[in-house]
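Below is one structure, written out as structure tokens; the observations come after it.
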Amino acid sequence: MGLASEAFIQSVQVAFKTSVYFTKHVFDPANPVLAGVVRSGIALPAKLLVVLEAGLIEHHPDLCERVIAYARCHDLQLVEAPLLLEGGEVIKQSFASVERVLAAINRCDIDRHSYVLAVGGGALLDAVGFAAAIAHRGVRLIRAPTTVLSQNDSGVGVKNAINYFGKKNWLGSFAPPHAVLNDSDFLESLPEREWRAGMAEAVKIALIRDAEFFELLEKDALQLVARSMPAMRRLIQRCALGHMAHIREGGDPFEMGSARPLDHGHWSAHKLEALSGWDIRHGEAVAIGLALDAIYARRMGFLAVADCGRILALLTTLGFELWAPQLEARDNAGRLQLIVGLEEFRQHLGGALTITLIEAIGHGFEVHEIDAEVIAASLAELKGGQLQAAA
Ligand SMILES: NC(=O)c1ccc[n+]([C@@H]2O[C@H](COP(=O)([O-])OP(=O)(O)OC[C@H]3O[C@@H](n4cnc5c(N)ncnc54)[C@H](O)[C@@H]3O)[C@@H](O)[C@H]2O)c1
Ligand SMILES: [Zn+2]
């Protein structure tokens, strides 16, 4: 006699909406964007908890006062003075800062009809976003990203996380923000490295889906190096819209499949960041990852020699170093650490190994295996190229 079972399967579609603004002087009382966002769709008065990256105060000493004055002027219910947290990767290295945000959310009775506004770089946004995502199973988050990378990539994305068990982004969730306010003023104070690092994500998005954008980057490259703000605004907006289009049209916003085209150039980048003890910035590692994948694709016969040359030339003109000694690191068994990283990358995604490579500028495609010997040869070429450039 068989066991009787009944199955009731339902499929529910959930839509989400995120508004992304490109603006200036976001806390100037004359700028209506933030007030409009806080008012949208919620019966007033909506509560607002602001979390600021402490390091920003050094460059904008009156930032807290400006936030408070803005809230007063627009009748926003600021629940307490902005909470200051240390930014940079250190914020993601433990649960402590998440707990501080959770405590503030609890202390200030922030509920699902309130807002948490996070102002800072990608690391702070990831940590605060995670706290907002788990408090009351999710309160509304507004992001105000303050670095190139967070304005053109992570800030408009749907993910947040902290590092856990010594592993990057191990603890986190998918939670689209309510709104993103990209204020170009914040970029003025970025150190050279941060200004440059975020541009790697723009090259990436151009390579996988937007050949015209790649040409624009080639045209703008010297202006970008000279810190032209109009050129940077063009880069950020097009890159952010590219990421948004992928989330909207890619068919897998919460990454349940194994393919992750937005992670082109990232399989080696993630490992390289870790091997450097987070000394190498994410964007710097991505630039190297893009160069390595371009050389690999050319050596495998997927990518034309000329296209590979253009990719390496653009990255070099933008000022990226395309070599780091950690790329040659080997484990006790003599294996290239980078190749070990390939398995870690697969594990983070789950399922079959899926790597997006480039078959032409603007056109990504997927492969399911990587030839370790060709990677080793590509690394040697990358190293040789860098030595030549230095000579
Ligand atoms: N959630 C996602 O989808 C996603 C995507 C990509 C990257 N990330 C994460 O984002 C993080 C990297 O973000 P990031 O590149 O913005 O780096 P970051 O947040 O570490 O900031 C870099 C440095 O710039 C400083 N800083 C921030 N804003 C500044 C400003 N306006 N002026 C001067 N200094 C400023 C920070 O204090 C820090 O020292 C990584 O943890 C990465 O994992 C997340
Ligand atoms: Zn990235």
At what distance in angstrom do the alpha carbon centres of the stretch 327-362 and the stretch 167-186 lie from each other? 25 Å
Could you tell me what % of all Cα pairs in the stretch 246-377 have separations over 23 Å? 32 percent
Checking the a/c ratio against 1.5 first, then a/b against b/c, what shape does the Cα gyration tensor give for the stretch 180-275? prolate
Note on the chain: the mean projected area of its alpha-carbon convex hull, in nm², is 23.6 nm²
Report the semi-axes of the equivalent ellipsoid for the stretch 290-346 in whole Å, largest first, where each axis is √(5λ) for an eigenvalue λ of the Cα gyration tensor. 25, 15, 9
Choice from S184, S40, S258 with maximal GNM fluctuation in the chain (Cα, 10 Å cutoff): S40
Residue with peak Gaussian network fluctuation, the chain [Cα springs, cutoff 10 Å], from K167, K204, K47: K167
With a 10 Å cut-off between alpha carbons and a GNM built on the chain, which of L222, L124, L290 moves the most? L222
Cα axis of helix 305-317 to longest principal axis of the chain: angle in degrees, 0 to 90, nearest 10? 50 degrees
0 to 90° range, to nearest 10: angle between helix 96-107 axis and the chain longest Cα axis: 20 degrees
Between E328 and A372, what is 0.36 nm times their sequence separation minus the Cα-Cα distance? Round to one decimal in nm. 14.6 nm
Add +1 for every Lys or Arg and -1 for every Asp or Glu among the other residues with Cβ under 11 Å from the Cβ of V305, and state the total. +2
Mean residue ellipticity at 222 nm from the helices of the chain, using -39,500 (n - 2.57) per DSSP H segment of n ≥ 4 over the full residue count, to the nearest 500 deg cm²/dmol? -14000 deg cm²/dmol
Among rounded, prolate and oblate, which fits the stretch 169-224 when a ≥ b ≥ c are the square roots of the eigenvalues of its C-alpha gyration tensor, a/c under 1.5 means rounded, and a/b larger than b/c means prolate? oblate
Using 7 Å Cα-to-Cβ label points, what is the A304/A4 separation (nm, one decimal)? 6.8 nm
Computed Rg/Rh of the stretch 1-102, alpha carbon atoms with Kirkwood Rh: 1.22
Cβ under 13 Å from F27's Cβ, F27 left aside: what net charge do those residues give with Lys, Arg +1 and Asp, Glu -1? -2
Would you mind computing the Rg to Rh ratio of the stretch 37-146 from its alpha-carbon coordinates, Kirkwood style for Rh? 0.94
Taking 0.36 nm per intervening residue step and subtracting the Cα-Cα distance, what contour gain separates Y21 from A352 on full extension? 115.5 nm
Please determine, in degrees from 0 to 90 and to the nearest 10, the orientation of helix 372-390 with respect to the longest principal axis defined by the Cα atoms of the chain, where the helix direction is its Cα long axis. 80 degrees
Just grab the label-to-label distance for E80 and H136, each label 7 Å out from Cα along the Cβ direction, in nm (one decimal). 1.6 nm
Place a label point 7 angstrom from the Cα of S11 along the Cα-to-Cβ direction, then list the residues of the stretch 247-266 whose backbone nitrogen is under 20 Å away. 248-259
Among S94, I9, Y21, which residue has its Cα positioned farthest towards the positive end of the charge dipole of the stretch 1-116, with +1 placed on the Cβ of Lys and Arg, -1 on the Cβ of Asp and Glu, and the dipole taken about the Cα centre? I9
Rounded to the nearest 20 Debye, what is the dipole magnitude of the stretch 1-91 about its Cα centre when Lys and Arg each give +1 and Asp and Glu each give -1 at the C-beta? 460 debye
Starting from the exponent 0.38 and prefactor 2.2 Å, build the expected Rg for the stretch 300-391 from its residue count and divide its actual Cα Rg by it. 1.19
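Quick note: the coordinates plus some simple rules give every number you see, no bench work behind them. Quick caveat: nothing in here was measured; it's all calculated off a predicted structure. We place every Cβ from the backbone using ideal geometry, glycine too, and count neighbours over all the protein chains shown.
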